[in-house]
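First the structure, in the form of C-alpha cells, and then the observations on it.
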C-alpha cells in the first residue's frame with residue numbers, strides 16, 4: 001500500500017471518528033498585562049484561529065471542553081498526545097493557534113513576538129466564540145498549557161486582567177505544565193478555580209522552586225492551588241526526547257519579579273516596569289542566564305499523562 005493511499009485512509013478514518021472545525025475570532029496584540037488592564041481598546045486588532053475537535057461525529061451532543069495552549073516552540077507531538085487522550089475520554093479539545101495566526105514559529109530567546117498577554121486575550125476571545133457552539137457545554141471548560149502556555153493558564157485568572165477583558169465566562173479547572181511562576185502580583189486576587197502545576201525538579205527555564213513558593217502564597221490566600229514536582233526531570237519532561245541544552249533560551253532560576261496592580265512587571269533592579277520589548281530585555285539581563293536543559297523523562301511523562309486524565313475527569317466529567 002503506497003503512502004498516498006495510507007494518508008487518504010487515515011484522513012477518512014479520522015473524520016469518521018472525530019469532527020474537526022476551524023474557529024476564527026477577533027483578538028488583539030497587547031504586549032503586556034498593563035496593555036490589557038489600562039489600554040485594551042487601543043490595541044491592534046488580530047484575527048486568531050484554532051481547531052475544535054469533538055470526540056465523535058454526533059452533532060446533537062454537548063461536550064465538556066479543554067482549551068490547549070502551546071509553549072514557546074509552538075505545538076509539538078507531546079501536546080497532541082494529551083489532546084488525543086482527552087478526546088478518548090469524551091472531552092472536546094480546542095488547539096489554540098496564537099503563533100500560527102501571527103506568522104510566528106517560536107519565541108525562544110526573546111519572549112516578545114507572541115506574549116502571555118496576547119495569548120490570554122486570545123483564550124478569552126476563543127472561549128466567547130466556543131461558548132455559543134452547539135456542541136460545547138460552556139459550564140464545563142478547562143484550560144491547560146505548557147511553559148508559555150502554562151503562564152497563560154495561571155494568569156488568565158488574575159482579577160485585574162479578567163475584569164479588564166470584561167468576561168463573565170469561568171473555567172472549571174486549570175492544569176499548567178512547567179509554567180513561569182517567578183513573577184508574583186502584589187494583589188493576590190484570582191479566579192477561584194482548581195489549579196494544578198506539573199513541573200520538573202531540575203527545571204531552570206521555569207524553576208520549580210518558584211512554583212512551590214507560589215503554591216504557599218496561593219494556599220495562604222485560600223485558593224485550591226497545588227504543585228506536583230517530578231524528580232530528576234527538566235523542562236518539557238513530557239517530551240519523548242533526549243536531554244539537550246537550549247543555548248538561546250532563558251534560564252530564570254535567579255529571577256523573582258513583582259507585578260504591579262496595573263499589570264506592569266517590575267525589574268529586579270530599581271523596580272523599573274518592563275512594558276516594552278526593549279525594557280524587558282534590559283530587565284531580564286539582571287537575573288536571567290542562558291542555556292537551560294530540556295528533554296523527556298519517561299517515568300515523569302507517564303505519570304503526567306495519568307495525572308492529567310484523572311484531573312480532567314474529576315473536574316469535567318465528575319468522575
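Brief remarks on what is shown
- Under the condition of being modelled with pLDDT of 90 or more, more than 13 Å from the chain's Cα centre (by Cα) and in a loop (DSSP other than H, G, I, E, B), the residues counted in the stretch 111-132 number 1.
- Of everything listed in (1) more than 17 Å from residue 54 (Cβ to Cβ); (2) surrounded by fewer than 18 Cβ atoms within 10 Å (Cβ to Cβ), the single unmet condition for residue 114 is (2).
- Complete set of residues in the stretch 278-292 that are over 18 Å from residue 71 (Cα atoms), in contact with a strand residue (DSSP E or B) (Cβ under 9 Å, 6 or more places away or on another chain) and either modelled with pLDDT of 85 or more or in a helix (DSSP H, G or I) (or both): 279, 280, 283, 284
- Entirely in the stretch 25-110, the helices (runs of 4 or more DSSP H) that have 2 or more residues that are farther than 30 Å from residue 275 by Cβ: 77-88
For (1) touching a strand residue (DSSP E or B) at 6+ places or on another chain (Cβ under 8 Å); (2) within 20 Å of residue 235 (Cβ to Cβ), each residue gets a yes or a no:
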position	(1), (2)
276	no, no
294	yes, yes
300	yes, yes
309	no, no
312	yes, no
317	yes, no
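- For beta carbons closer than 7 Å, sequence separation of 6+ or different chains, a first residue in the stretch 40-54 that is at negative phi and without any contact (Cβ under 8 Å) to a residue 40 or more places away in the chain and a second that is in a strand (DSSP E or B) and surrounded by fewer than 19 Cβ atoms within 10 Å (Cβ to Cβ), the qualifying pairs are 45/26.
- The residue that is surrounded by the most Cβ atoms within 10 Å (Cβ to Cβ), counting only those in the stretch 147-159 that are touching a helix residue (DSSP H, G or I) at 6+ places or on another chain (Cβ under 9 Å) and more than 13 Å from residue 199 (Cβ to Cβ), is 152.
- Every test in (1) modelled with pLDDT of 90 or more; (2) assigned to a loop (DSSP other than H, G, I, E, B); (3) within 30 Å of residue 65 (Cα to Cα) is passed by residue 319 save one, and that test is (1).
- Residue selected from the stretch 232-272 under the condition over 30 Å from residue 306 (Cβ atoms) and in contact with a strand residue (DSSP E or B) (Cβ under 6 Å, 6 or more places away or on another chain), by the criterion surrounded by the fewest Cβ atoms within 10 Å (Cβ to Cβ): 258
- When the stretch 179-209 is filtered for residues that are closer than 17 Å to residue 292 by Cβ, without any contact (Cβ under 8 Å) to a residue 60 or more places away in the chain and surrounded by 21 or more Cβ atoms within 10 Å (Cβ to Cβ), the ones remaining, listed by number, are 179, 181, 199, 206, 207, 208.
The values are calculated or read from the model by the stated rules, or taken from the named source; none is laboratory data. Everything quoted here is computed from the prediction, not taken from an experiment. All Cβ positions, even for glycine, are placed from backbone atoms using ideal geometry, and neighbour counts span all protein chains on display.
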